[in-house]
Amino acid sequence: MSFAQQVIEVIEREVQAYPDGKVTRITLRAGAKLALEPASLRFAIEALSVGTAMDGAVVELSEDPQGGMELYVEEIELDD
């Protein structure tokens, strides 16, 4: 859950400038050595984001085979 919570905190911080915006999609990229299970991360983000600007957002996760232990928020899509 800690990765999911960190992702939500980053996104909430980034979308503060758009108080009426609703996050519709987020794109994440994880390093291969992080060994995240995409379905588990999606589930945790969806569960923790209920009632936030991210509630109902599509979560896309790709793996960087050359990457290490990092997790990046690559894109945040908002619907005004």
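We did not get these values from a lab; they are worked out from the coordinates using the rules stated. Keep in mind that what you see is a predicted model, and the values were worked out from it rather than measured. We place every Cβ from the backbone using ideal geometry, glycine too, and count neighbours over all the protein chains shown.
Table for the structure above
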item: Pick from the range 27-80, criterion among the polar types (S, T, N, Q) and under 15 Å from I11 (Cβ atoms), ranking: nearest to the chain's Cα centre (by Cα); result: T27
item: Meets criteria (in a helix (DSSP H, G or I), free of Cβ contacts under 8 Å to residues at least 12 places away in the same chain and acidic (D, E)) for E9; result: yes
item: F3 being surrounded by 12 or more Cβ atoms within 10 Å (Cβ to Cβ), in contact with a helix residue (DSSP H, G or I) (Cβ under 7 Å, 6 or more places away or on another chain), aromatic (F, W, Y) and at negative phi; result: yes
item: Selection within the range 13-46 - more than 17 Å from E77 (Cα to Cα) and either without any contact (Cβ under 8 Å) to a residue 12 or more places away in the chain or of a type in the set (D, E, K, R) (or both); result: K33, A35, E37, A39, S40, F43
